[in-house]
Structure formats: structure tokens, C-alpha cells
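The values are calculated or read from the model by the stated rules, or taken from the named source; none is laboratory data. Keep in mind that what you see is a predicted model, and the values were worked out from it rather than measured. These accessible areas exclude ligands, DNA and RNA; they are computed on the full protein's heavy atoms, side chains included. Shrake-Rupley method; radii C 1.70, N 1.55, O 1.52, S 1.80 Å.
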Amino acid sequence: MLSKNKKTKIISKTKIHATDTGSPEVQVAVLTARIDDLAGHLKTHKKDNHSRRGLLKLVSKRQAHMEYLQRKSPERYASALATVKSK
């Protein structure tokens, strides 16, 4: 689970303008942090299938955002991809 402070830091790093909280880049960054968090949880709790299902949902949601970005703006997609791969 992401804390409010951690989420705020992620948003402030990836936002495009001052009040940006919903752009695809921000959503991808937040989803990536949640995925990393959940992946760590699943390494210690291997049989937690409920959380595994949630992880798969998050991954598919992130993929949908990335496909949207690729379709709408290839430049922004490339920068978001670099952000995801750097994590």
C-alpha cells in the first residue's frame, strides 16, 4: 500500500503542469510504484492469490495506459517508458 507521502512525491516528480494528477504519465508512475510494492509482498507471501489477482489487474491497467500514450503521443510514450524501465 502506498502512503500518501510516497504517492505525492511520485506525482510531483512526474507531473506535467502544476495541478496535474491524472495524466497518463502520472497514472503509469503511480501504478508502477503500486506494482513494485505488491511484487515485494508476493515474494514473501507466495500463496496469496487474492493479492496476485490484484497485481495482474494493476499490470493490465498500466499496459492500457501505455498503449493509450503510444497511440496519442509517441514522444510522451517514450518518456513514460523510460520512467517505467528505470524503476
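The table below lists the values:
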| read-out | value |
| --- | --- |
| Computed lengthening from residue 37 to residue 5, 0.36 nm per intervening residue step minus Cα-Cα distance | 10.1 nm |
| In degrees, nearest ten, helix 49-72 long axis to first principal axis of the chain (Cα) | 10 |
| Ranking by accessible area, most exposed first, for 65, 45 with a 1.4 Å probe | 45, 65 |
| Under-5 Å amide H pairs with residue 15, H placed in peptide plane, nonlocal only | none |
| Whole-number D in µm² s⁻¹ for the chain, Kirkwood Cα-pair radius fed into Stokes-Einstein, 20 °C, 1.002 mPa s | 158 |
| Rounded tilt (10° steps) of 74-86 against the dominant C-alpha axis of the chain | 40 |
| Helix 24-44 vs. the chain, principal-axis angle (Cα, 0 to 90°, nearest 10) | 20 |
| Descending principal axes extents, the stretch 37-82, alpha-carbon based, whole Å | 39, 17, 9 |
| In Å², nearest 10: area of residue 53 left accessible to a 1.4 Å probe | 150 |
| Accessible-area composition of the chain, carbon plus sulfur, in percent [1.4 Å probe] | 55 |
| Surface per residue (accessible, 1.4 Å probe) for the chain, Å² | 72 |
